[in-house]
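Chemist: The following block contains the structure, expressed as structure tokens.
Bear in mind that the values in this text are calculations on the coordinates, not laboratory data. These numbers were taken from a predicted model, which means no experiment stands behind them. Reconstructed Cβ throughout: ideal geometry from the backbone, glycine too, with neighbour counts over all protein chains shown.
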Amino acid sequence: MSPWAVVVLLLAIFAGAVGVKVMRSATAAGADLDEGVIAAFAGLRLTRTAVVEGSGDRALHHPVAGLSARVEIRSAEHSRVTVPRALLLGLLALAVKKRGYESEAHLVVEGPGRTIERAVSLRQHPGGAAAAEEFAAALNELGEHPGSGHRTRSRSPHGRERFDVALLDAGAHQLEVVRAVRRLVRGIGLIDAKELVTGAPSILLEQVPEPEAEAAREELEKAGAAVELL
């Protein structure tokens with residue numbers, strides 16, 4: 001087989017894979033419309049009557065009556081091998097991994113005899129927290145009033161007592177933001193503070209009282225960062 005024939009074959013395979021993906025997306029979108037999906041998050045779909053896991057004949061339908069949901073933002077330290085380190089250190093990079101922080105939005109659906117949990121990375125999906133909050137708010141309303149067709153929006157944080165402080169973007173003055181993070185996050189070093197800032201979006205403070213959360217947001221925004229209370 002000539003080189004040109006190989007190239008043509010590879011292009012045909014790639015085009016076919018893209019076409020299948022587009023068709024599946026269109027089919028899924030059509031199914032959502034048919035089923036009356038009012039919210040979706042990480043493979044879960046919410047209709048007026050059920051929380052749906054999966055799709056097609058294997059989909060599981062959990063009636064919304066008696067179900068409730070909550071959203072948790074979790075931040076955990078992890079190790080990873082970065083490309084620069086791999087190029088410089090080779091196999092040694094596997095032993096000397098770089099520490100980092102990964103923040104995730106976790107949606108927890110609970111009911112009699114069942115718990116369903118889904119999560120997305122806020123680094124890869126910056127709108128993940130808002131999508132999880134919208135799903136939870138809609139499910140909680142339907143759980144209290146089964147059959148309601150009203151689609152809810154994300155709940156406003158006002159009126160709550162405790163908040164997570166999320167750094168969405170460091171802005172143009174990262175050094176000032178790093179200094180602010182070191183002041184706000186107890187027991188954190190310069191390297192860890194820098195990784196939290198450069199790895200935004202990230203959770204800086206978890207479930208702190210409203211006055212502390214508001215003060216942290218004010219200080220970070222003064223440094224030029226974009227911040228949200230979750």
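Chemist: Residues with amide H under 5 Å of Ala39's amide H, sequence separation 5 or more or different chain, H placed in the peptide plane at 1.01 Å from N; which?
Modeler: Answer set, sorted by chain and number: Leu46.
Chemist: Also: May I ask for the net charge around Ala223, where only other residues with Cβ less than 12 Å from the Cβ of Ala223 are counted and Lys, Arg are +1 while Asp, Glu are -1?
Modeler: 0
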